Amino acid sequence: MKNQLKLPMVIGLLVVLALVGCSGSGSQAAPTPVPVATAAATAVPTATSEPVAPTPAIDPATAVVLEMIARVNAEDYAGAAELVADDMMAYFIGLPPTGMEIYWGKAQFQTFLEECCTGQHFVWEAVPERVEDGVVYTESKTWMDFTRELGVAPNNWHEVFVVKDGKITLYVSTVTEESLAKFKPILYEVMPELATAVQPPPESDETPVSEVTITIANNTCAYDGPMTLQAGQLIVNAEVQDQNWEKYAVSFFTLDEGKDLIDLMATTHYKASGPPSWSHFGFLEELGPNERQTYTYLQVEEGLLYMVCWAGPPDTAIGNAGPFVVAP
């Protein structure tokens, strides 16, 4: 979101490099990378050997995901990038300072891997949970020197990979709430400037507004207006300038004291049964591709308000903004 990228880009990159696909444990030995099998194999026993059980066949989509991970673990970043589509989207969710980092395309993905993992003794371990029509769901862990030194490795992730025609077209990695709870206070201690990104903006002279316009384009959403809203009725203009997904949605939340946008984003993973008890839906509206709608949100109360944009299937958070300050 444009209104959230006010910190130098290097800060966001440092955090992503610290967390995504490149995290580590100092006192723990790194696990052996997940072995990759692309076909079932049956060993032929000899007269003096015991029969060997066949290697279980792996779903083709899962095999692509595991092969990509194996190449990253082997520091073959160009080879890993060859297994993603030219227009692939990668979303890293629940990470300071903004709660989301987005990379678009094979070239950006390879550059990210190179900057992230080189020299960090990176290990990425993924355990596939299930696959549905080319969508692979995994529970993953990552290790890198930065998080080893902080004593927070491994970081744990809920991950989704969409595979079409042998290429990964979508990759969504959401930090688990448990890992975030362990990592965030230590990260803020060593990088206090990151904590300011999720705090309410300082008091300003801007006039509170009662109408906002949210634009969804290029697989994410954008908001460029004031961050101070008027309590009461809020008019929400939502415009989709995109047709890469079957459906889109815009939602607004309020959060209990002590929670922020980073915590909220970490609850958007595929295993979540719904919003956590400390978050409260104020507004949720769905749209189709290239659709524009105007909605009225009637219950905007004084305090802080957060926005999350969605697309699917599979249901994915594709952008966010906040906190908005709601003035009386």
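The values are calculated or read from the model by the stated rules, or taken from the named source; none is laboratory data. Model, not experiment: these values are computed from the prediction. As a convention, Cβ positions derive from the backbone with ideal geometry for all residues, glycine included, and neighbour counts pool all protein chains shown.
Kindly indicate which of Val123, Val127 is farther than 24 Å from Pro314 by Cβ, in contact with a strand residue (DSSP E or B) (Cβ under 6 Å, 6 or more places away or on another chain) and at pLDDT 95 or above.
It is Val123.
Pick from Ala317, Ala327, Ala311: which is under 18 Å from Glu239 (Cβ atoms) and touching a residue at least 60 places away in the same chain (Cβ under 8 Å)?
Exactly one of Ala317, Ala327, Ala311 is under 18 Å from Glu239 (Cβ atoms) and touching a residue at least 60 places away in the same chain (Cβ under 8 Å), namely Ala311.
Here's a check for you: in segment 143-158, which residue that is out of contact with any helix residue (DSSP H, G or I) (no Cβ under 8 Å at 6 or more places or on another chain) and surrounded by 23 or more Cβ atoms within 10 Å (Cβ to Cβ) is farthest from Ile58 (Cα to Cα)?
Ranking the candidates gives Trp143 first.
Residue-by-condition table, conditions (1) outside the structural domain of Arg292 (by TED's automatic domain parsing); (2) more than 28 Å from Asp242 (Cα to Cα):
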residue: Phe161; (1), (2): yes, no
residue: Lys167; (1), (2): yes, no
residue: Tyr171; (1), (2): yes, no
residue: Lys184; (1), (2): yes, yes
residue: Leu187; (1), (2): yes, yes
residue: Glu206; (1), (2): no, yes
residue: Ile216; (1), (2): no, no
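Are any residues in segment 275-328 surrounded by 14 or more Cβ atoms within 10 Å (Cβ to Cβ), aromatic (Phe, Trp, Tyr), farther than 19 Å from Thr228 by Cβ and under 24 Å from the mean Cα position of the chain (by Cα), and if so, which ones?
Trp278, Trp310
Which condition does Gly258 not pass, out of (1) loosely packed, with under 15 Cβ neighbours inside 10 Å; (2) farther than 22 Å from Pro200 by Cα; (3) out of contact with any Leu (no Cβ under 8 Å at 6 or more places or on another chain), if it passes all the others?
Failing condition for Gly258: (2).
So which residues in segment 154-193 are among the charged types (D, E, K, R) and touching a strand residue (DSSP E or B) at 6+ places or on another chain (Cβ under 6 Å)?
Within segment 154-193, Glu159, Lys167 qualify.
Inspect all residues belonging to segment 131-154 and state whether any of them is of a type in the set (D, E, K, R), within 16 Å of the chain's Cα centre (by Cα), assigned to a strand (DSSP E or B) and in the same structural domain as Lys184 (by TED's automatic domain parsing).
There is at least one residue in segment 131-154 that is of a type in the set (D, E, K, R), within 16 Å of the chain's Cα centre (by Cα), assigned to a strand (DSSP E or B) and in the same structural domain as Lys184 (by TED's automatic domain parsing).
Restrict the check to segment 193-203 and report whether at least one residue is out of contact with any Pro (no Cβ under 9 Å at 6 or more places or on another chain), surrounded by 15 or more Cβ atoms within 10 Å (Cβ to Cβ) and either within 30 Å of Phe161 (Cα to Cα) or assigned by TED's automatic domain parsing to the domain that holds Gln299 (or both).
No, segment 193-203 contains no residue that is out of contact with any Pro (no Cβ under 9 Å at 6 or more places or on another chain), surrounded by 15 or more Cβ atoms within 10 Å (Cβ to Cβ) and either within 30 Å of Phe161 (Cα to Cα) or assigned by TED's automatic domain parsing to the domain that holds Gln299 (or both).
Within segment 266-276, is even one residue part of a strand (DSSP E or B) and not assigned by TED's automatic domain parsing to the domain that holds Leu95?
No, the conditions are met nowhere in segment 266-276.
Given the conditions (1) assigned by TED's automatic domain parsing to the domain that holds Thr98; (2) at pLDDT 95 or above, and given that Ala238 satisfies all but one, which numbered condition is not satisfied?
(1)
When the residues of segment 91-111 are narrowed to those that are free of Cβ contacts under 8 Å to residues at least 40 places away in the same chain and not in a helix (DSSP H, G or I), which ends up surrounded by the fewest Cβ atoms within 10 Å (Cβ to Cβ)?
Looking at residues that are free of Cβ contacts under 8 Å to residues at least 40 places away in the same chain and not in a helix (DSSP H, G or I), I get Gly105.
Residues in segment 206-256 that are in a strand (DSSP E or B) and without any contact (Cβ under 8 Å) to a residue 40 or more places away in the chain: how many?
Number of matching residues: 6.
Taking the criterion of being buried (at least 20 other Cβ atoms within 10 Å of the Cβ) and modelled with pLDDT of 90 or more, would at least one residue in segment 16-35 satisfy it?
So far as segment 16-35 goes, no, none of its residues is buried (at least 20 other Cβ atoms within 10 Å of the Cβ) and modelled with pLDDT of 90 or more.
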